[in-house]
């Protein structure tokens, strides 16, 4: 038996797991004891988590600033939705191809050191693009090259970052930590477009990339200053044959991993393609530009933050609750599709943000709790593959649909993705008693 110190006990094979009593005392980072139902902001009592989120928060603002800048750069140079879709696909194709194995690398190595490596490479790459834009020597091949490097590093960065969170806070605070991280990501989504609009208007597009490069430096500083003595590290997995297969088997046998993963395949591929669909919707459908795109993205982020703050207080996990979130996501997307004006589209985008954060945090929390600690890298790698790795296919689909049917058609594909996810989750739920291990009793 392997216990992760937070009331979750599982066999080494991961086929069985159970949550302890809600009043069972558990160890937090640093050896302090708390109940399994901690206060809303208890996660911020952990110094290492405070350092980690401080660096990540600024970096997320920088990342969304760059995301806006890349879309504007590609559209200004090529005026092609297909090219934009291909750039986005190039950013995420390595995630699709490499993340399953990258998750195993995460399980085998120190997660903090891996994040130092990925942040350094991403920062240097972003700085190079910014210098090329500021020097007026940027070419589309450079954008594709930087997109490829981004994808390779992201395949390692995402599972390492998710798997590090339990090591920072302990399992007793995992729901609050995951939800808080999602909230901060969407604070970045809300503030990034504002920062991009200001930087583009006052200083030029290239400074968006410079700002993001500087933010990666802060991430490295935060990781270097973590107190290793108060971490709860998982013992690195030794090399042996069949470890990728073992991780996949654990995921397939547990309803609370298989269900969220199958749902995320559809949402990640068809719905969460906002880097491609929103700028096209803003430019071609709403006849706006950078300001309209920024307004939509900011509204999305504001809605996500508002919902996330509520979810910190009432964190949600479990496949049934994820099904409810998927249904709400589909309704919100439909409202965005039929929005007749810029103002109504902005309001609908806020509702999409509310629904999306509920879906993402519920799914992420569910699989992290269900995953055996020694396999979190592999399980979160599968989640990253389903969420981010599916983007290459989805970006091309959205680009083609947008060319034929416009921005509304591109967003309508996202509604279809939510419906497909709902059907997939219901099938897993219906067949769970026959095909899957007994699910964790997730509160």
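The values are calculated or read from the model by the stated rules, or taken from the named source; none is laboratory data. Remember, predicted model here, so these are calculated numbers, not experimental data. Cβ coordinates were reconstructed from backbone atoms using ideal geometry, including for glycine residues, and neighbour counts include every protein chain displayed.
A few points about this structure:
- Test: residue in region 410-422 that is out of contact with any strand residue (DSSP E or B) (no Cβ under 7 Å at 6 or more places or on another chain), at pLDDT 85 or above, assigned to a helix (DSSP H, G or I) and surrounded by fewer than 17 Cβ atoms within 10 Å (Cβ to Cβ): yes
- Annotation for region 398-409: no member residue is under 14 Å from the mean Cα position of the chain (by Cα) and in a helix (DSSP H, G or I).
- Odd one out for residue 181, checked against (1) under 26 Å from residue 87 (Cβ atoms); (2) surrounded by fewer than 24 Cβ atoms within 10 Å (Cβ to Cβ); (3) within 14 Å of the chain's Cα centre (by Cα): (1)
- Residue within region 65-80 that is under 30 Å from residue 140 (Cα atoms), in a loop (DSSP other than H, G, I, E, B) and either modelled with pLDDT of 50 or more or within 24 Å of the chain's Cα centre (by Cα) (or both) present: yes
Results for (1) crowded, with 24+ Cβ neighbours inside 10 Å; (2) at positive phi; (3) under 13 Å from the mean Cα position of the chain (by Cα); (4) in contact (Cβ under 8 Å) with a residue 12 or more places away in the chain, shown as yes or no for each residue.
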position	(1), (2), (3), (4)
340	no, no, no, no
346	no, no, no, yes
349	yes, no, no, yes
356	yes, no, yes, yes
366	yes, no, no, yes
382	yes, no, yes, yes
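- Any chance residue 403 is buried (at least 23 other Cβ atoms within 10 Å of the Cβ), at pLDDT below 90 and in contact with a helix residue (DSSP H, G or I) (Cβ under 7 Å, 6 or more places away or on another chain): no
- Filter result for the condition that a residue is under 19 Å from the mean Cα position of the chain (by Cα) and free of Cβ contacts under 8 Å to residues at least 40 places away in the same chain, over 162, 153: 153
- Test: residue in region 238-253 that is under 23 Å from the mean Cα position of the chain (by Cα) and over 30 Å from residue 423 (Cβ atoms): no
- Exclusive hit being farther than 17 Å from residue 51 by Cα and out of contact with any helix residue (DSSP H, G or I) (no Cβ under 6 Å at 6 or more places or on another chain), set 195, 139: 139
- Filtered residue count, region 45-61, keeping only those that are more than 15 Å from the chain's Cα centre (by Cα), touching a residue at least 24 places away in the same chain (Cβ under 8 Å) and either on the phi > 0 side of the Ramachandran plot or in a helix (DSSP H, G or I) (or both): 8
- Here residue 339 meets each of (1) at pLDDT 85 or above; (2) in a helix (DSSP H, G or I); (3) under 19 Å from residue 273 (Cβ atoms) with one exception, condition (2).
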